[in-house]
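Shown next, in structure tokens, is the structure this report addresses.
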Amino acid sequence: MPSHPDTPQDAATPLVQLRGVRFGYGEGRPIFRNLSLAVPQGSVTALMGASGGGKTTLLRLIGGQERAQAGQVLVFGQDVGAMGAAQIYAMRRRMGMLFQFGALFTDVSVFGNVAFPLREHTSLPEELIRDIVLMKLDAVGLRGARDLMPAEVSGGMARRVALARAIALDPELVLYDEPFSGLDPISLRTAARLIRQLNDALGITSIIVSHDVAETFEIADYVAILAEGELLEYGTPTAVAASAHPLVRQFIGADADGPVQFHYPGPDVAEDFGVGAVA
């Protein structure tokens, strides 16, 4: 794995650590071959790279939806692969998750969406739940939207409601799957700054899957570029931006030509179309 003077390899005990992880879907579909990664506590760490590089799969490994086929995934110092169902659920109560496009319950109000994890995982009285929900909504600037339905808010507002829901249980770790996807520039900038502000104000650790290079590099402490089953680069945005790796350069520069090809590997064109075949 590439090493830079300002990578987090020598940081204090990481909140999330992967050691030699191998994982794939079915025969012949390796996603990770030998992935090692350490996410420092209190940081905003971005997982980036071309589509199909395993970024969302990595979130699923951290959350216990998938199990590594080799190696270890350590979260809060515990091996996720060795956990039973009860331990997995207990671990997840210490996490928040913001799904791609927010994934709000469409038939539940903004208030009800944020209240859901509190009602599901605690026995707090409704009066206290109300206060907590309003505080979380206030933190994302949407206390006044509490009674609206998801269909009545914009895409950017829906993403902020989902963020309020993700932090409802005061998690130590928040996972973001494409939090900026589909947002207009203003909403994107608002969401990015909010992630950074909440991370610092609440003392949490954030892992973000994102393809938005400019905005992500602005708020991240560390950036991990995943591709070809491994970690190509890992360091500060400045260090990663200076990478000489061709695939990293192509991704950061959004270049059409490079290691990531337009055509999916397949048979030769002449073979598929019978060019040159005898009639």
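Quick one: what pairs do we get from region 195-217, first residue closer than 19 Å to VAL39 by Cβ, second surrounded by 20 or more Cβ atoms within 10 Å (Cβ to Cβ) and charged (D, E, K, R), C-beta under 7 Å, 6+ apart or different chains?
VAL209/LYS55; VAL209/ASP177
Do we find a residue being over 21 Å from THR106 (Cα atoms), surrounded by 13 or more Cβ atoms within 10 Å (Cβ to Cβ) and out of contact with any strand residue (DSSP E or B) (no Cβ under 9 Å at 6 or more places or on another chain) anywhere in region 147-156? Walk me through it before giving the result.
Of region 147-156, the ones over 21 Å from THR106 (Cα atoms) are none.
The answer is no; no qualifying residue exists.
Which of the strands (runs of 3 or more DSSP E) found entirely inside region 135-254 contain at least 1 residues meeting this: modelled with pLDDT under 90 and hydrophobic (A, V, I, L, M, F, W, C)? Can you show your working first?
Numbers: elements: 173-177, 205-209, 222-227, 230-235.
Because the criterion is at least 1 residues that are modelled with pLDDT under 90 and hydrophobic (A, V, I, L, M, F, W, C), the strands (runs of 3 or more DSSP E) in region 135-254 that meet it are 222-227, 230-235.
State all residues of region 75-121 that are modelled with pLDDT under 90, over 24 Å from GLN41 (Cβ atoms), open to solvent by less than 50 Å² (accessible area, probe 1.4 Å) and not aliphatic (A, V, I, L, M); if no residue qualifies, say none.
GLY102
For region 140-164, enumerate the residues that are touching a residue at least 60 places away in the same chain (Cβ under 8 Å) and not basic (Lys, Arg).
Keep residues of region 140-164 that are touching a residue at least 60 places away in the same chain (Cβ under 8 Å), which gives 159, 162-163.
Within region 140-164, ALA162, LEU163 meet the criteria.
Quick one: how many residues across region 26-54 are modelled with pLDDT under 90 and either open to solvent by 70 Å² or more (accessible area, probe 1.4 Å) or within 14 Å of VAL209 (Cα to Cα) (or both)?
Looking only at that region, the number is 13.
The values are calculated or read from the model by the stated rules, or taken from the named source; none is laboratory data. Since this is a predicted model, take the numbers as computed values, not measurements. Positions of Cβ are generated from backbone atoms using ideal geometry, with glycine treated the same way; all protein chains shown enter the neighbour counts. Protein only, heavy atoms only, side chains kept; ligands, DNA and RNA dropped before computing areas. Shrake-Rupley method; radii C 1.70, N 1.55, O 1.52, S 1.80 Å.
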